[in-house]
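**Student:** One structure coming up, written as structure tokens, with questions to follow.
The values are calculated or read from the model by the stated rules, or taken from the named source; none is laboratory data. Remember, it's a predicted structure, so these values are computed and weren't measured experimentally. Cβ placement follows ideal geometry from the backbone for every residue including glycine, while neighbour counts extend to all protein chains displayed.
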């Protein structure tokens, strides 16, 4: 028969103490882990809020030029579209609108900068209401705005831009005895290349100045990137 080794009372007490110590250690470790996790989540939220503040225009609440430059990279055309397919591709391509308030300096000069700010805020609000949730509206600077339209056709780009133009013209301001207007320049592409953002901004900007040159309060489609 084998020999059964008995555990004396003192050994049992020590074992129970060790088990209890381990349990307490685990509880403490879990509490520390929970605390650290909560601190990390809080820090992530604060960092996200900081990023939003850095990339948000204080006056209008729109995204900034810096945010546009970062976001543009996500919306570059992914697929190379053959020339024969470009006309029939109604829901592909990247559109850009350059929106500039007509005679904005005279609004500031005649009604004051505070009222000029109210005009900018109203237009910014209108722009965000008229576009899709997937589109990006940014304040480019001063009285200039850019709208990036991912996955859109040329017809769709023209249509929404004309809706924006007429909606701005219909805005009413109690402190003004005249309507506000915008000139909008457009460009569109279905292909990618290294300087795409720069090229699209230039073509849309050129088209916007053409709209101003030919009478203002107009939408002009500029050069299409081949």
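**Student:** For the structure I just gave you, tell me whether residue 148 is in a strand (DSSP E or B), assigned by TED's automatic domain parsing to the domain that holds residue 98 and at pLDDT 95 or above.
**Tutor:** Numbers: in a strand (DSSP E or B): yes; assigned by TED's automatic domain parsing to the domain that holds residue 98: yes; at pLDDT 95 or above: yes.
It is true that residue 148 is in a strand (DSSP E or B), assigned by TED's automatic domain parsing to the domain that holds residue 98 and at pLDDT 95 or above.
**Student:** Would you tally the residues in segment 151-164 being within 21 Å of residue 124 (Cβ to Cβ), in contact with a strand residue (DSSP E or B) (Cβ under 8 Å, 6 or more places away or on another chain) and modelled with pLDDT of 95 or more?
**Tutor:** 5
**Student:** Just name the residue that is farthest from residue 218 (Cα to Cα) out of those in segment 100-123 that are touching a residue at least 12 places away in the same chain (Cβ under 8 Å) and assigned to a loop (DSSP other than H, G, I, E, B). So that I can check it myself, show each step before the final result.
**Tutor:** Within segment 100-123, the first condition is being touching a residue at least 12 places away in the same chain (Cβ under 8 Å), and the residues that meet it are 100-104, 107, 111, 115-123.
Keeping just the survivors that are assigned to a loop (DSSP other than H, G, I, E, B) gives 102-103.
Working: 102: 10, 103: 13 Å.
Checking each candidate, the answer is 103.
Quick grid of which residues meet (1) outside any helix (DSSP H, G or I); (2) at pLDDT 95 or above; (3) over 20 Å from the mean Cα position of the chain (by Cα); (4) under 23 Å from residue 56 (Cα atoms):
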site: 125; (1), (2), (3), (4): no, yes, no, yes
site: 132; (1), (2), (3), (4): yes, yes, no, yes
site: 166; (1), (2), (3), (4): no, yes, yes, no
site: 174; (1), (2), (3), (4): yes, no, yes, no
site: 179; (1), (2), (3), (4): yes, no, yes, no
site: 183; (1), (2), (3), (4): yes, yes, yes, no
site: 186; (1), (2), (3), (4): yes, yes, no, no
